[in-house]
């Protein structure tokens, strides 16, 4: 049997009564057709306003008079509410209910002009949304505060870093300036002392002169170490790798430290090699110097120091091996620490314990590898690994030095120019003691004014870099222009900056750093004389 329309309407009414939302349907005249129990309960309107045929305006007016739509004229508020529900085909609005709950209304216009209104309580959802919004606002505030704090902290750190960089730069400039001023009198003292030692041989003053030289050497080593550390830490150290003949570095170390080895009664042996490596000549040379110096100082009399190369895969291992005091494995880190010295080492030699610290810093700056093997009481091996260079000619460096350059009488004409009178007097005394014909000047003006070069042509020139009115490099060029031909010259300077060395090398001028070591000075003079065509073998 087919259900009647009345039965269908009853079924629909029963079904909508079980919906969780309040639902009401209005005809095109906006009169109530049907509503469910949820609608009646949530709105809290009397029964006579939920009967079929009740006007939507009457329901809205009741709610307005009750205060559901706020303060104002009830009729006006009722009309405004109806306009909100009917102003568009679909609307979604929220308002507070009579019990303080939040109601969300959905209204839809029917094709015949009628209206369906459904609503539900969303109090919990609205509270959650508001709490989430509050949390988000709090979080945004915290993020903004943290961002502001980080920005402020970064700004403070940048200011602090700039101040630290400025202070470090000032320190480096101060050390450079102070070292130049200190090295000048120290250089004169070393030259005077060298002359005194040679003249005091076999006299009662020999031991005193040697003690003075040892003290001056200690001062020089401390200053050189501090300058090296300052250059490395300030970031001013810029390695410039070039193909370098290792034998050149080894011969230079031999010339410089052969006298020290003889003084300590230590046999220094340099193993010859023809190998070329890619390295910064000056910085790797400094590493080798420090390692050889340390090995000699801490090797007892009668001991040996061996310097040589071994091939290890695609690298070369430069070994400095000694039969010195050595140390155990627990002390490995200690020997590289600044101002740190082992008790026995402190008793054997003076110093601040900076040599190996500088070695480690230079190795790190050059991205090389340093290996250490030592046994207490039996000796040590320090090994520096260097990359091999094949089919490359080594960069032109200083002339190969030899022990023969350190003995005998030199018979050369030498022009010395320096703006420090004490240095000139000391240099003249030492060179004349070696048999040289020496003329000295404080400036180019003095050379020209006193006509020092008339009838006298020097075999070589030893020139200071910082002159009063010009640089030593420009002064050498002036002399070469006026004397004609190639005049062998060496720059004798306390300025140890790579820039000065590079400028000198570009002009074919050797560099000798102050304080001048006698052995290195003799070798330099012999090398320069060889450039002028004079014999490198002095008379004996």
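Structure values in brief
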| item | result |
| --- | --- |
| Flag if residue 100 is at pLDDT below 80 and on the phi > 0 side of the Ramachandran plot | yes |
| Index of the failed condition, residue 458 passing every other in (1) surrounded by fewer than 20 Cβ atoms within 10 Å (Cβ to Cβ); (2) at pLDDT 85 or above; (3) more than 27 Å from residue 213 (Cβ to Cβ) | (1) |
| Count of the stretch 73-116 residues which are within 15 Å of residue 23 (Cβ to Cβ) and in a helix (DSSP H, G or I) | 1 |
| Output for the stretch 508-523, where each listed residue is surrounded by 20 or more Cβ atoms within 10 Å (Cβ to Cβ) and farther than 17 Å from residue 426 by Cα | 509, 510, 511, 523 |
| Matching strands (runs of 3 or more DSSP E) fully within the stretch 237-300 where at least 2 residues are modelled with pLDDT under 85 and either outside the structural domain of residue 314 (by TED's automatic domain parsing) or over 26 Å from residue 503 (Cβ atoms) (or both) | none |
| Some residue of the stretch 190-200 being modelled with pLDDT under 80, in contact with a strand residue (DSSP E or B) (Cβ under 9 Å, 6 or more places away or on another chain) and not assigned by TED's automatic domain parsing to the domain that holds residue 281 | no |
| Matching residues in the stretch 38-49 - criterion: being more than 23 Å from residue 110 (Cα to Cα) and surrounded by 15 or more Cβ atoms within 10 Å (Cβ to Cβ) | 42, 45 |
| Residue 478 vs. criteria surrounded by fewer than 16 Cβ atoms within 10 Å (Cβ to Cβ) and part of a loop (DSSP other than H, G, I, E, B) | no |
| Boolean, residue 459 is closer than 20 Å to residue 525 by Cβ and touching a helix residue (DSSP H, G or I) at 6+ places or on another chain (Cβ under 9 Å) | yes |
| Which listed residue is within 22 Å of residue 110 (Cβ to Cβ) and out of contact with any strand residue (DSSP E or B) (no Cβ under 8 Å at 6 or more places or on another chain), from 74, 64, 15, 52 | 15 |
| Single residue of the stretch 99-117 satisfying the filter (farther than 17 Å from residue 60 by Cβ and touching a helix residue (DSSP H, G or I) at 6+ places or on another chain (Cβ under 7 Å)) that is surrounded by the fewest Cβ atoms within 10 Å (Cβ to Cβ) | 101 |
| The lone exception for residue 531 - which of (1) surrounded by fewer than 19 Cβ atoms within 10 Å (Cβ to Cβ); (2) within 35 Å of the chain's Cα centre (by Cα); (3) more than 13 Å from residue 418 (Cβ to Cβ) it fails | (2) |
| Residue satisfying all of: in the stretch 22-37; touching a residue at least 40 places away in the same chain (Cβ under 8 Å) and out of contact with any helix residue (DSSP H, G or I) (no Cβ under 6 Å at 6 or more places or on another chain); surrounded by the most Cβ atoms within 10 Å (Cβ to Cβ) among these | 25 |
| Inter-residue pairs, beta-carbon under 6 Å, first assigned by TED's automatic domain parsing to the domain that holds residue 462 and closer than 20 Å to residue 526 by Cβ and in the stretch 476-488, second part of a helix (DSSP H, G or I) and at pLDDT below 90, 6+ apart | 487/479; 487/480; 488/528; 488/531 |
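The values are calculated or read from the model by the stated rules, or taken from the named source; none is laboratory data. Computed from a predicted model, the values in this text were never measured in an experiment. Reconstructed Cβ throughout: ideal geometry from the backbone, glycine too, with neighbour counts over all protein chains shown.
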